[in-house]
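One structure is given here, and the rest of the page talks about it.
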């Protein structure tokens, strides 16, 4: 069986393109992506697909413009749509990768394509593992490259060459990237130096590493199953969490934080959060410029910081459902404000500083920031938290005002 026949058989067995008519091929011009394109072009009628090509000119080599022209001419001869763009800005591997995939996604949206294919292969799997290991990645990021993964809404990214070694690739024409021989970037050092040394120690190193990656993937699947009930909740029940083993607590928190991809925290910060969860007391602290970590007596959770600087108010229609009310005297200016140092409240005949009342009643940190209703600096209540004796004493007074309010529901522990 030839490599192409193996590719075709795999594509049919996996039904990679069963639900996709137009396939966007990420084409660099190297042997990997040219082989992928040639095989897909050869199999296009059998697989019942149409092809389009996306190429990013990184502008890092003198020959890159000539390569773009040659690719454009080839696609024109084959009547294949060819989309291209040029990288701008200061170059780095990470920035270039983000630029490429942003461009691919843009082309898919503009031209209504549902699948992107890239030429990642078995050797890339090995290189990626070693790079992530060197950089100190967590276990969840050592599970290898997925053959199929979501790529935005109703779109997928397929890597149909993961079962192939680069030595199996044969193509009539491709461009050799001269920068691959340079050792400026970690990937090139891994490919040109570290990996050959490891294979000298054990010629079956890549095969053994592939088995290890598969074991890690299976182990992580068990972890994900064990943490799913926690992670799918908006807030994590503190008592239930603390009943789990410390090992599972570690992965529950890790998987929960993964729900917030913009939230990047160090390992030291992660360990600090674990200790905060286990300690008594409440906690509310910014863990980035966008998110707060909040822990109260019953649960902990991540919440996006509000951009509002004033209380949110709205006219609410009277309808079925829970609402609160605070009675107020007929005269006097009603103030709705945040609590201040020295505020006091009388509840059930006991006068206390508001801060002490919150502590004694174990009021959550979130609710401690709810607005106060005051007249002449006297606290008549805290919206959604407590009604003071001043308000209660006015219930039977016919000459009174009543403030009705409804709390905006934000989920419970």
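The values are calculated or read from the model by the stated rules, or taken from the named source; none is laboratory data. All of these numbers come straight from a predicted model, not from anything done at the bench. Positions of Cβ are backbone-derived with ideal geometry, glycine not excepted, and every protein chain shown enters the neighbour counts.
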Limited to the stretch 255-268, what total is found for residues that are out of contact with any helix residue (DSSP H, G or I) (no Cβ under 7 Å at 6 or more places or on another chain), outside any loop (DSSP other than H, G, I, E, B) and surrounded by 15 or more Cβ atoms within 10 Å (Cβ to Cβ)?
-> 1
Every listed condition ((1) modelled with pLDDT under 95; (2) in contact with a strand residue (DSSP E or B) (Cβ under 9 Å, 6 or more places away or on another chain)) holds for residue 108 save (1)
State yes or no: is residue 167 closer than 22 Å to residue 206 by Cα, assigned by TED's automatic domain parsing to the domain that holds residue 62 and surrounded by 13 or more Cβ atoms within 10 Å (Cβ to Cβ)?
-> no
Which fully enclosed helices (runs of 4 or more DSSP H) of the stretch 1-96 have 1 or more residues being within 22 Å of residue 181 (Cα to Cα)?
-> 31-47, 64-78
Could you please give the count of residues in the stretch 235-254 that are in a helix (DSSP H, G or I) and either farther than 17 Å from residue 275 by Cβ or not assigned by TED's automatic domain parsing to the domain that holds residue 289 (or both)?
-> 3
Of the candidates 148, 117, the one satisfying the condition of being in contact with a strand residue (DSSP E or B) (Cβ under 9 Å, 6 or more places away or on another chain), surrounded by fewer than 16 Cβ atoms within 10 Å (Cβ to Cβ) and touching a residue at least 40 places away in the same chain (Cβ under 8 Å) is 148
Considering the stretch 228-251 alone, what residues qualify as being touching a helix residue (DSSP H, G or I) at 6+ places or on another chain (Cβ under 6 Å) and within 28 Å of residue 126 (Cα to Cα)?
-> 251
Restricting attention to the stretch 327-354, the residues that are under 25 Å from residue 297 (Cα atoms), at pLDDT below 90 and outside any loop (DSSP other than H, G, I, E, B) number exactly 0
Which listed residue is within 30 Å of residue 222 (Cβ to Cβ) and touching a helix residue (DSSP H, G or I) at 6+ places or on another chain (Cβ under 6 Å), from 133, 142 = 142
Out of all the residues in the stretch 215-222, is one or more in the same structural domain as residue 295 (by TED's automatic domain parsing) and assigned to a helix (DSSP H, G or I)?
-> no
Options 15, 26, 70, 54: the member that is in the same structural domain as residue 84 (by TED's automatic domain parsing) and over 29 Å from the mean Cα position of the chain (by Cα) | 70
